[in-house]
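Undergrad: Provided herewith is a single structure, encoded as structure tokens, for subsequent inquiry.
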Amino acid sequence: MKKIHNVVIISLLCFSMQAVSQADYSTGIGLRGGFPAGVTIKHFVNDQDAVEGILGMHYRGFVLTGLYERHINAFGEDRLNFYYGAGGHVGFWSYYKNHPVFNDSYSGTRTIIGVDGILGLEYSFEQVPFNLSVDWKPMFNLGPYSGFWADSGALSIRYIW
């Protein structure tokens, strides 16, 4: 009975978090500082949902990531939103022999592909057309070097309109 009670409470909390969030902007473009560092562009497709593209530098190469995100109001504060979502990535990593992370004797470039998640918090300023966001973006590479990579996170600043 206690398990059912907990499931009901958790479900109600999840549904209450789905409170409507008004998008504070329609499109934003800016810089992403973290791992991977690069450029980010986000566009809202409705009041709660956005698509985000990230072109980042990663392991002496680059990664292009596409994400679909849901935004919900955070803590009842205007212009402050949680967001979460999922997507995928493709990119090219350069390796050199005896790399400390990859630990193999291969030297050259490899194509990577995988799936991503994102969890973040963003604030859009009212007086100036900028917003700040902080996120954690874990990914799962399908190959090569398949596996879970939890080391992606960043602070982004975007010009918004």
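The values are calculated or read from the model by the stated rules, or taken from the named source; none is laboratory data. Every value quoted in this text rests on a predicted model; they were computed, and no experiment measured them. Cβ placement follows ideal geometry from the backbone for every residue including glycine, while neighbour counts extend to all protein chains displayed.
Undergrad: Exactly one condition in (1) in a helix (DSSP H, G or I); (2) modelled with pLDDT of 90 or more is not met by A86; state its number.
TA: (1)
Undergrad: Can you find, within region 25-45, the residue that is surrounded by the most Cβ atoms within 10 Å (Cβ to Cβ) among those that are in a loop (DSSP other than H, G, I, E, B) and modelled with pLDDT of 95 or more?
TA: Y25
Undergrad: Can you say whether R110 is in contact with a strand residue (DSSP E or B) (Cβ under 6 Å, 6 or more places away or on another chain), modelled with pLDDT under 95 and surrounded by fewer than 17 Cβ atoms within 10 Å (Cβ to Cβ), as far as the supplied structure shows?
TA: When the stated conditions are applied, R110 passes them.
Undergrad: OK, next. Can you pull out every residue in region 122-146 that is in a strand (DSSP E or B), farther than 20 Å from A74 by Cα and in contact with a Phe, Trp or Tyr (Cβ under 7 Å, 6 or more places away or on another chain)?
TA: Once the filter is applied, which keeps residues that are in a strand (DSSP E or B), farther than 20 Å from A74 by Cα and in contact with a Phe, Trp or Tyr (Cβ under 7 Å, 6 or more places away or on another chain), region 122-146 yields M139, F140, N141.
Undergrad: Hey, could you check region 46-83 for residues that are basic (K, R) and assigned to a loop (DSSP other than H, G, I, E, B) and say which is farthest from V115 (Cα to Cα)?
TA: That would be R79.
Undergrad: I would also like to ask the following. Mind checking which residues of region 51-76 are of a type in the set (D, E, K, R) and either within 13 Å of the chain's Cα centre (by Cα) or modelled with pLDDT of 95 or more (or both)?
TA: The answer is E52, E69, R70.
Undergrad: If the requirement is being under 20 Å from F130 (Cα atoms), at pLDDT below 70, over 14 Å from the mean Cα position of the chain (by Cα) and not acidic (D, E), which of these qualifies: Q22, Q18, Q48?
TA: Checking each option against the conditions leaves just Q22.
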